[in-house]
Structure formats: structure tokens, C-alpha cells
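Structure first, commentary second.
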Amino acid sequence: MISEIALSTTLGDLFDICEEGMMVIAMKNGMMTSISEVSSGLTCECTCPCCGRKLVARKGTLKAHHFAHHAGHPDESCNFAAETILHQFAKQVIEEERKIGIPAVAVEDEYGPLTVTTAKTVRLDEVVLERGFRSVVPDVSCRAGDRVLLVEFFVTHKCSDRKIAKLAEMDVAVMEVDLSKFRYFALSELREIILTKAPRVMLFGRQFDKGAELLSERQSKMEMRLDALAEEQLKLLDFDKIPIRNGSWYSAYHTTYLGYLLVSSGHLNHFVEPDGHWKARILRLFLRNRRKKWRLSEITDFIHSQMLVRQEEATLFPRVVEHLKRRGLAVTTTNDAVRSFLSELLLDRLLQEDELGRFLPTKAMVALSKYRPPRPAYAPRKQWWMERDD
């Protein structure tokens, strides 16, 4: 139990004063009592809530009134008096109400979050305050039927990694309640905050085992769905591609020294035109306005705005592409295909990229678009212009 006067102590004052090596709340006849309620000296008949030793009530004129250990034998563990008092008060609150709020639990994988359980209030059969300081023990232990819930509170410091590891070994549900934002509240105002309102998170519990099972089930279902989508995509990708607008730009560049760039990449994609034709359109994009600097997003937007991509592109999720790759198929999205082509142009020094990531044609691209080789053969891979500095 805790006296009415002790309940008026704020959570912040309780922790701040205890950190200074003083206590303002002690145990007397099984009740937590404030320093202002007792007489001075040993006549206070109080004991330490941490170690159980006798306390002396120091109520002088130089320092703030506080309790101190008798005979000069303080116990180091009493530095955690504030935590002890809070845990005893929380245990009392939970035991009186026989309930506590449990947060929602969600798990996540590459397919996104998945709700396992929703937030709820559970009825309790038993509440126990664990003993021992500076050892790895839970703050409060609750039981509902055959299920155990360990509750951890923090005001200044969260559970250490060492304590979390020890709690994990107990193989029971563990919840952490955050009271750090309620330092200006008196203990009497913390009842509903402790029970339901304070932020809380599950650290361990059966919910996570259930979540792992649900993720596994979803993974299996998604794999089946990916198989079905992959088959649909293969049908869409396996069609006869035709040139748009009679392939005029392809013809214009195919016979120049740039012709070697217009070969097929060999990857399945959703371009309606053959690879050489959409690549020729990108070359035209740079050559029709040689001083314009293009961003990657502008180039991909241009490709889509020209309706060179089948509408089914929207259904070609990256996961489906990866799934097809795992099946050993060479497949890519149209955006990735465009990026790969731009990388090829950069490698051959036909494009240059500025510090803002914008692309601009080099003099070599402009020159090669005007000249034709003496015979209908592609130029060798290492070109003469690559030996020069533009």
C-alpha cells in the first residue's frame, strides 16, 4: 500500500531525488510512506524498500528532508530505490485492477507488415513483484490462466541488451511499458497510464511464433501467386513485336556507326517495339536537342508517354521479375532496360553525366550519327573515338 501523501510525489521528483542519493519514500508497517509523514531520526521506524535495512529520517535545515541508511552502511543496490518504489506501486495498481493493456503485435517481411494480434485488455489471475536488484529479474510478473506475462517499466533507461537476452531465455511473454513521458505526473495519476494508456511494446511472446507461421503461410501463397503471374507474364512477353511509325528512326541510325547499339539485349521485356527501335528513339531523344540535359526520370517518362510499353507493365512487379530470374529466364522491366542502355552509352563515351545526374550527348555520338561505315557491318566494340578525350 502507499499513503496519500506519498502518492502526491511526481514520477520525475522520485527519480531525480533518488539519483542524488536520497530517498523521500520508505516502507513503514508495510506501507510506502513519505518523509513528510514521519518523525525525525530512528523514531520514524522506516525501512529501505530496496534492502530492508533501517532508515533514519533526516529532517534538518540545511538539506532537503530525506531518508538515509542507519549506521552508515548503505547498500549499493539502493541506488535503484526509485525503480523499486515504482515497481511496487505498479504491482499494487495492477493487482487491484486485475487487468492490463496488451499492445498490438505485427511482423514484417519483404511483402510488408502483417498484423498478428490487435491491442486488447486482458484479465489477470495473479500479480507478483519480483525480488532482487542488479540481477536479471522482471519488474512485475502477471499470470492469466496458464500464461505468464512479464512487465518491464522504464522511465530513464530501457532494458539493457543483457537483460533482454536473459528475459528471452525465460520463454514467456515480455512487455515493456514506457513511462518516460509521464515524469510530471504524480503517482496518483499513473493508474490508467500504467494499465492501458502508456506506450507499450511486446518484446517476446507466443504472438511472434504465430507471426512467423503467418509469414511462412503468406510466403507460400505469394510463391504460388508469383508462379501464376509469371506464367501470365511469359505469355505477354512472348509476342511478335512490331515497329511503330514504320521504324523511321531505327532506319536512320541502323546504317550509321551507331548501328551496333541497336542490337537486341536478349532480355524479355514489355516493349511493344523490338529492342533496336526503342533504343533508336532514345538516341533520337538526345540528338534532336543536343544541348538539353536529361534526367533519368524524364527519359523513362518519355518512353511511357510514347506508348512504347504494353499496359501490362504495371503488373510486372519487381518480385515477379526476380521470380522469373530464379527460374533461369533473362527478363527485365522496361525501366531497368532503359537504365542498362544508358549505362552502355556511358561506357562507350557516347553520353556524359553531370554532377546532378543529368545526361548529355558527347561530340562522338553526334559525329557517329552522321557517318556510315564503308560496308554493312557493325563497328568493332572498341571504337576509335574511345581513344580520344572529348
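The values are calculated or read from the model by the stated rules, or taken from the named source; none is laboratory data. From a predicted model like this one, the values you see are computed outputs, not experimental measurements. No Cβ is skipped: glycine too gets one built from the backbone with ideal geometry, and neighbour counts run over all protein chains shown. Just so you know, the surface numbers come from the protein's heavy atoms only, side chains and all, with ligands and any DNA or RNA stripped out. Shrake-Rupley method; radii C 1.70, N 1.55, O 1.52, S 1.80 Å.
Looking at L329, is it of a type in the set (A, V, I, L, M, F, W, C), out of contact with any strand residue (DSSP E or B) (no Cβ under 6 Å at 6 or more places or on another chain) and in a loop (DSSP other than H, G, I, E, B)? It is true that L329 is of a type in the set (A, V, I, L, M, F, W, C), out of contact with any strand residue (DSSP E or B) (no Cβ under 6 Å at 6 or more places or on another chain) and in a loop (DSSP other than H, G, I, E, B). Within region 332-366, the only residue that satisfies the criterion of being among the small types (G, A, S) and assigned to a loop (DSSP other than H, G, I, E, B) is G357. Within region 1-52, restricting attention to residues that are of a type in the set (S, T, N, Q) and part of a strand (DSSP E or B), the residue that is modelled with the lowest pLDDT is T10.
Screening region 111-125 for residues that are aliphatic (A, V, I, L, M) and in a loop (DSSP other than H, G, I, E, B) and picking the one that is farthest from the chain's Cα centre (by Cα) gives L124.
Of all the criteria given as (1) modelled with pLDDT under 80; (2) more than 24 Å from E152 (Cβ to Cβ), the one not satisfied by R58 is (1).
Return the residues of region 267-293 that are touching a Lys or Arg at 6+ places or on another chain (Cβ under 6 Å) and at pLDDT 90 or above; say none if nothing qualifies. If the condition is that a residue be touching a Lys or Arg at 6+ places or on another chain (Cβ under 6 Å) and at pLDDT 90 or above, then K293 is the only one that fits. Within region 170-183, residues that are among the charged types (D, E, K, R) sit with their Cβ atoms under 7 Å from residues that are at pLDDT 90 or above and open to solvent by 10 Å² or more (accessible area, probe 1.4 Å), at 6+ positions apart or across chains, in these pairs: E176/R200; E176/V201; D178/P199; D178/R200. In this structure, V151 qualifies as in contact with a Cys (Cβ under 8 Å, 6 or more places away or on another chain) and under 18 Å from K99 (Cα atoms). Taken together, L214, L187, L234 contain a single residue that is among the aliphatic types (A, V, I, L, M) and touching a helix residue (DSSP H, G or I) at 6+ places or on another chain (Cβ under 6 Å), which is L187.
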